[in-house]
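The values are calculated or read from the model by the stated rules, or taken from the named source; none is laboratory data. Quantities reported herein were computed from a predicted structural model and do not represent experimental measurements. Using ideal geometry, Cβ is built from the backbone for each residue, glycine included, and neighbour counts are taken over all protein chains shown. Remember, those area values only see protein heavy atoms, side chains included, never the ligands or the DNA or RNA. Shrake-Rupley method; radii C 1.70, N 1.55, O 1.52, S 1.80 Å.
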Amino acid sequence: MAMQMQDLQDLYVHKLQDIYSAEQQGLQAMQQSVGMIQTPELRQGMQMHIQQTEGQIQRLEQIFQRLGQQPGGEECEGMKGLVQEAQKLMQENASPEVLEAGLIAAQQAMEHYEIAGYGTARTYAQLLGDQDAVQLLEQTLNEEKQADEQLTQVAQQINVEAMNA
């Protein structure tokens with residue numbers, strides 16, 4: 001059943017549910033792909049972000065609890081599409097370097113999607129005067145941006161390897 005969307009508060013809750021679903025889906029995708037990664041630096045980064053994501057999901061649950069709302073109820077279609085692209089790539093007969101370069105690109109697309117979502121949710125939380133949520137969302141937003149930066153750095157090496165594969 002679709003929820004009533006009458007005001008910014010409703011949109012805010014809807015956005016948080018969407019992000020919650022996106023995080024759950026992203027977590028599963030990372031857990032699937034981490035075993036296929038050979039480059040130690042990339043695998044380590046991915047394992048670290050898996051742990052971080054679990055913490056980000058807990059932060060969202062904290063916000064829902066304080067709002068008296070359920071985290072579930074929304075399936076994030078945007079993330080679903082991004083995850084499907086990553087899964088399609090994992091089924092390709094690709095060399096390890098090319099697979100990793102592609103997985104980085106897929107992972108960064110997911111990070112950018114989450115950065116956009118968290119930025120919006122933080123803005124709504126600010127407008128609604130929910131300072132605690134602003135801080136929690138800000139914390140996650142910074143982590144997502146950091147993860148994206150790290151992926152960019154690893155990509156520089158792996159993309160060259162894929163080019164020379």
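Suppose the filter is of a type in the set (A, V, I, L, M), touching a Pro at 6+ places or on another chain (Cβ under 7 Å), in contact (Cβ under 8 Å) with a residue 24 or more places away in the chain and buried (at least 17 other Cβ atoms within 10 Å of the Cβ); does residue 60 pass it?
The answer is yes for residue 60.
Yes or no: the stretch 23-40 includes at least one residue that is under 18 Å from residue 133 (Cα atoms) and open to solvent by less than 30 Å² (accessible area, probe 1.4 Å).
yes
Among the residues of the stretch 83-100, is any within 14 Å of the chain's Cα centre (by Cα), under 30 Å from residue 133 (Cβ atoms), modelled with pLDDT of 95 or more and in a helix (DSSP H, G or I)?
Within the stretch 83-100, one or more residues are within 14 Å of the chain's Cα centre (by Cα), under 30 Å from residue 133 (Cβ atoms), modelled with pLDDT of 95 or more and in a helix (DSSP H, G or I).
From the list 92, 54, which one is open to solvent by 70 Å² or more (accessible area, probe 1.4 Å) and either among the aromatic types (Phe, Trp, Tyr) or farther than 26 Å from residue 139 by Cα (or both)?
92
Only one of these is of a type in the set (Asp, Glu), in a helix (DSSP H, G or I) and open to solvent by less than 60 Å² (accessible area, probe 1.4 Å): 161, 143. Name it.
143
Can you name the residue in the stretch 121-135 that is aliphatic (A, V, I, L, M), touching a residue at least 40 places away in the same chain (Cβ under 8 Å) and surrounded by fewer than 21 Cβ atoms within 10 Å (Cβ to Cβ) and, of all such residues, is farthest from residue 66 (Cα to Cα)?
So the residue we want is 127.
Residue check: is residue 86 small (Gly, Ala, Ser) and buried (at least 18 other Cβ atoms within 10 Å of the Cβ)?
So residue 86 fits the description; yes.
Please find, within the stretch 14-69, the residue that is farthest from residue 81 (Cα to Cα) out of those that are at pLDDT 95 or above and of a type in the set (Asp, Glu).
Result: 61.
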